[in-house]
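The values are calculated or read from the model by the stated rules, or taken from the named source; none is laboratory data. Values in this document were obtained by computation on a predicted structure and should not be read as measured data. Keep in mind that these areas ignore ligands, DNA and RNA; they rest on the heavy atoms of the full protein, side chains included. Shrake-Rupley method; radii C 1.70, N 1.55, O 1.52, S 1.80 Å.
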Amino acid sequence: MGLLNLFRRGEPEAAASVPVRAMAGEAATFTSFDDPDFMEFVRGGAGAVTEAGAVISVKSAMKNTTVLRCVSLISRSIGMLPFHIRDRETKEKATDHPLFALIYRKPNAWQNALQFRVMMQQNALTHGDAFALIVLVCPERVVRIRS
């Protein structure tokens with residue numbers, strides 16, 4: 001042991017020896033991030049129980065202004081990105097495709113394309129997934145959207 005070894009830091013403790021602990025007390029002690037119990041805890045539908053015993057759900061988390069702002073910033077940023085249907089052979093915009101007007105301009109009667117994409121991204125961030133219901137209408141009653 002040399003003189004300079006006095007100024008060196010000691011060896012850090014092994015990370016594997018310390019279990020990963022969540023804020024839920026002894027009921028949520030995990031050995032690693034690959035632990036199936038950890039994944040079940042993260043995906044808990046009713047909410048996560050904190051150390052104090054409070055249940056945090058999506059609804060209560062969105063009441064926090066920081067969480068709300070983060071979700072809105074991410075969803076609006078992704079919603080502004082261009083989203084086009086492309087032809088497989090030519091790689092050009094497929095403007096003649098039946099879904100082009102729905103996705104690019106007006107997906108439904110009360111939202112434009114940006115609002116729809118923002119809403120879908122918000123659902124994906126807060127609930128883990130987003131679904132859109134496709135409702136087929138009679139061809140006689142289809143209203144053509146003009147730009």
> Do you know which of the residues in the stretch 40-57 that are open to solvent by 90 Å² or more (accessible area, probe 1.4 Å) and not in a helix (DSSP H, G or I) is modelled with the highest pLDDT?
Replying inline: 52
> residue 8: open to solvent by 60 Å² or more (accessible area, probe 1.4 Å) and either modelled with pLDDT of 85 or more or among the polar types (S, T, N, Q) (or both), yes or no?
Replying inline: no
